[in-house]
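Chemist: Questions regarding the structure given below will be posed in turn.
Every number in this text was worked out from the coordinates using simple rules, so none of it is lab data. None of these values were measured; they are calculated from a predicted model. Methodologically, a virtual Cβ is constructed for each residue, glycine included, from the backbone with ideal geometry; neighbour enumeration extends over all protein chains shown.
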Amino acid sequence: MTLRELVLPISRLLNEICERTNIQLDDDTKICQVFEDNEAAVKLPKSQLPKITPQSKHFAVKYHWFRERLKEYGFEILPVRTDEQKADLFMKGLLQTESRTKQHMIMGW
């Protein structure tokens, strides 16, 4: 799942619920933390516009759209080591030992 498919609809739903129920959210409450194990995915949204490389110019439209959503919804992209990425349990076919490790990480055991 991508940010657009999962996080944006949930964020919009939360904002709509808060508006209709008159719940005031401060800026710290609105921050959604997205943990990413891809180093380029962490660096690219934070880089300045001239730092787009020749390798990244082909996705300039998506890049600008993504940067706007980060600012609009207050998303924060944080790095996480690959072996600590909990989402792998839902995204990849894992060995049984890896699967158990990820389950324990999610459940907090």
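Chemist: Counting other C-beta atoms within 10 Å, which of F35, F90 has the fewest, and how do the rest follow? Let's see the in-between values first.
Modeler: Details: F35 15, F90 9.
Listing F35, F90 from fewest to most nearby Cβ atoms yields F90, F35.
Chemist: Another question, then. For D37, D88, D83, D26, what ranking results if the residue with the fewest other Cβ atoms within 10 Å of its Cβ goes first? Each step should come with its number before you reach the end.
Modeler: Details: D37 15, D88 18, D83 11, D26 7.
The fewest-first ordering by Cβ neighbours comes to D26, D83, D37, D88.
Chemist: Please list, in chain and number order, the residues 5+ apart from V34 or on another chain whose amide H is under 5 Å from its amide H, with Hs placed from the backbone.
Modeler: Under 5 Å from the amide H of V34 lie the amide H atoms of E76, I77, L78, each far enough along the sequence or on another chain.
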